[in-house]
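Heads up: the structure comes next, in structure tokens.
The values are calculated or read from the model by the stated rules, or taken from the named source; none is laboratory data. Not measured: the values here are computed from a predicted model. With ideal geometry, Cβ positions are generated from the backbone for all residues, glycine too; neighbour counts draw on all protein chains shown.
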Amino acid sequence: MFFVAPLLLTALSISREMSLITYFSFGNRLQVFSQSFAKYIANDCNLIF
């Protein structure tokens, strides 16, 4: 049990870091996608009007 606890804590911290990294990279991708999508919609509106 004494050896298991540090390993468990390390695994938890690593998984938390990985989830933070994936969350931030996904957020950045979503932001870039929404910006390009907004530009695309603006170009469509310029073509329409």
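Listed values, structure above:
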quantity	calculated
Single condition Leu30 does not satisfy, out of (1) modelled with pLDDT of 80 or more; (2) hydrophobic (A, V, I, L, M, F, W, C); (3) outside any helix (DSSP H, G or I)	(3)
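Results for (1) surrounded by 10 or more Cβ atoms within 10 Å (Cβ to Cβ); (2) over 13 Å from the mean Cα position of the chain (by Cα), shown as yes or no for each residue.
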{"residue": "Ala5", "(1), (2)": "no, yes"}
{"residue": "Leu9", "(1), (2)": "yes, yes"}
{"residue": "Leu12", "(1), (2)": "yes, yes"}
{"residue": "Thr22", "(1), (2)": "yes, no"}
{"residue": "Asn28", "(1), (2)": "yes, no"}
{"residue": "Ser34", "(1), (2)": "yes, yes"}
